[in-house]
Amino acid sequence: MQSLVHFLSSRMGNDFKILNWNPIQKCILVFILFIQIKVLWIIWKAYIFLTPEVQIFVYLSEVRLQLYIEFFEIFVAVLFIVGLLLISKSRKGEVILPYLSVNVFGLTLIFDAYMAGVFSPNTMTNAVCYLFVGFILFNVRVMLSVITSLAITIGVISDQTIKGNLVNAPLFNFETIGTPEYLNGFWMGSIAYFTFPIIIICILLLLLILKQWRERESYIAHLVQFDALTDVYNRRKLTEILQHLDRGKKHAILMLDLDHFKQVNDRYGHLIGDQVLISAAEVLKANIRSTDILGRYGGEEFLIILNDTDEKNARSIAERCLRALAEIEHPLTHDSTFNVTASMGIAFLYQGINVKDALNSADIALYQAKAEGRNQIRFSKDILG
């Protein structure tokens with residue numbers, strides 16, 4: 001059993017989110033659903049063979065023949081699943097196999113639909129469920145191919161049934177079922193049995209897919225607003241926040257740049273550099289107020305927006321951040337660490353000052369802090385006089 005689980009995990013991947021599966025993995029799901037449908041048919045036939053009083057409502061020879069066919073179909077479906085698992089990473093297979101799998105699934109179930117009645121309520125309901133799930137799992141071309149093949153096949157069967165060349169629902173003996181059919185408990189029970197389990201399976205599958213869809217949308221929304229490395233706001237989101245700040249209040253813009261960061265990357269490598277950025281972001285988050293906003297503005301540069309604050313508070317928070325950054329012991333080896341300082345320029349945004357000018361002032365102040373020795377703070381007014 002463990003070897004089977006390992007085999008499935010290695011072929012299907014550890015990510016069991018259906019939306020992340022490749023087309024071949026989705027084909028495997030189709031055949032698993034196919035086997036479940038066949039098992040429902042087998043259970044129904046077992047009930048008939050174990051319940052003599054309902055046998056008058058069916059043709060036992062047809063029931064027995066279809067039972068043999070279903071066992072064979074399950075065997076073939078298992079072979080398909082094994083084969084698909086073995087080639088689950090084939091690029092060519094991802095293009096071709098969805099067409100084959102979906103059409104095999106659809107055309108095989110047409111035989112079941114014919115045996116139970118092409119015009120029966122369960123056939124129509126189940127067809128809608130399958131198509132709906134199919135359009136979510138596969139691209140439009142794949143689904144149009146199966147719709148075309150099914151429409152032609154069902155059209156021929158319907159035409160021949162209307163003309164009397166084919167028997168409608170050959171499994172059932174309508175002479176004993178009587179007319180109207182809905183007065184017969186066995187007939188109605190059979191229709192319900194082949195309708196509701198499929199609806200429930202499809203609804204559960206759709207709920208799972210929709211849940212994963214929402215998670216994916218949430219993740220994409222997160223990526224649009226947050227920096228992938230440090231998990232703080234990115235430049236686009238920071239710009240958006242700045243544009244919507246209440247200009248009736250005074251806000252401090254802190255432009256922070258890690259000192260000599262290029263040397264860190266050159267000397268220790270980019271992986272160490274990335275860890276320095278992650279640690280810096282964590283320390284900055286811990287040293288600003290809950291109402292303040294932190295983001296990565298680009299490279300080793302961070303931007304902090306202090307909402308509704310004055311110069312005194314801005315300086316206090318800025319000094320606390322620089323002090324905390326300088327105290328971080330960045331690990332290099334098990335017994336070796338190094339420190340990285342930062343420089344900061346501060347400007348204010350309020351009524352009459354546009355965002356571009358405020359950012360430019362903070363950037364000029366930052367440049368001045370670096371030019372005067374780094375690891376220090378400069379306010380834009382210090383430069384402008």
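The values are calculated or read from the model by the stated rules, or taken from the named source; none is laboratory data. These figures come from a predicted structure and were not determined experimentally. For neighbour counting, all protein chains shown are included, and Cβ atoms are generated from backbone atoms with ideal geometry for every residue, glycine included.
Inspect all residues belonging to the stretch 111-131 and state whether any of them is outside any helix (DSSP H, G or I), surrounded by 15 or more Cβ atoms within 10 Å (Cβ to Cβ) and β-branched (V, I, T). For the stretch 111-131, residues outside any helix (DSSP H, G or I), surrounded by 15 or more Cβ atoms within 10 Å (Cβ to Cβ) and β-branched (V, I, T): present.
Quick one: which helices (runs of 4 or more DSSP H) sit completely within the stretch 219-325 and have at least 3 residues that are under 22 Å from F379 (Cα atoms), at pLDDT below 95 and in the same structural domain as T337 (by TED's automatic domain parsing)? Break it down stepwise before answering.
Values: elements: 235-243, 261-268, 270-286.
Where helices (runs of 4 or more DSSP H) fall fully within the stretch 219-325 and carry at least 3 residues being under 22 Å from F379 (Cα atoms), at pLDDT below 95 and in the same structural domain as T337 (by TED's automatic domain parsing), they are 235-243.
Of all residues being basic (K, R) and surrounded by fewer than 21 Cβ atoms within 10 Å (Cβ to Cβ) in the stretch 296-326, which is farthest from F338 (Cα to Cα)? Just the residue, please.
Filtering the stretch 296-326 down to residues basic (K, R) leaves 296, 312, 315, 320, 323.
Those still in the list that are surrounded by fewer than 21 Cβ atoms within 10 Å (Cβ to Cβ) too: 312, 315, 320, 323.
Numbers: K312: 31, R315: 26, R320: 20, R323: 15 Å.
Looking at residues that are basic (K, R) and surrounded by fewer than 21 Cβ atoms within 10 Å (Cβ to Cβ), I get K312.
In the stretch 156-195, which residues are hydroxyl-bearing (S, T, Y) and touching a Ser or Thr at 6+ places or on another chain (Cβ under 8 Å)? Matches in the stretch 156-195: T195 only.
Please specify each residue of the stretch 132-155 satisfying the condition of being among the hydrophobic types (A, V, I, L, M, F, W, C) and part of a loop (DSSP other than H, G, I, E, B).
Within the stretch 132-155, the subset among the hydrophobic types (A, V, I, L, M, F, W, C) is 132-133, 135-138, 140, 142-144, 146-147, 150-152, 154.
Hit for the stretch 132-155 is F138, nothing else.
Scanning the stretch 214-243 for residues that are surrounded by 16 or more Cβ atoms within 10 Å (Cβ to Cβ) and β-branched (V, I, T) yields T230, V232, T239, I241. In the stretch 76-107, of all residues being polar (S, T, N, Q) and modelled with pLDDT under 85, the one that is surrounded by the most Cβ atoms within 10 Å (Cβ to Cβ) corresponds to S88. For the stretch 328-375, the set of residues classified as charged (D, E, K, R) and under 40 Å from the mean Cα position of the chain (by Cα) consists of E329, K356, D363, listed by residue number.
Sort out which residues of the stretch 156-179 are in a loop (DSSP other than H, G, I, E, B), within 19 Å of Q66 (Cβ to Cβ) and free of Cβ contacts under 8 Å to residues at least 12 places away in the same chain, and write them in order of number. Show your work before the answer.
First, the residues of the stretch 156-179 that are in a loop (DSSP other than H, G, I, E, B): 163-171, 173, 178-179.
Next cut, within 19 Å of Q66 (Cβ to Cβ) only: 166-171, 173.
The one that is in a loop (DSSP other than H, G, I, E, B), within 19 Å of Q66 (Cβ to Cβ) and free of Cβ contacts under 8 Å to residues at least 12 places away in the same chain: V167.
For the stretch 211-219, does any single residue satisfy the condition of being closer than 30 Å to M124 by Cβ and not basic (K, R)? Checking the stretch 211-219: at least one residue is closer than 30 Å to M124 by Cβ and not basic (K, R).
Which members of the stretch 154-210 meet the condition of being under 28 Å from the mean Cα position of the chain (by Cα), closer than 20 Å to A46 by Cβ and among the aliphatic types (A, V, I, L, M)? Let's see the steps before the verdict.
Pass one, the stretch 154-210, residues under 28 Å from the mean Cα position of the chain (by Cα): 196-210.
Keeping just the survivors that are closer than 20 Å to A46 by Cβ gives 196-198, 201.
Those that are under 28 Å from the mean Cα position of the chain (by Cα), closer than 20 Å to A46 by Cβ and among the aliphatic types (A, V, I, L, M): I198, I201.
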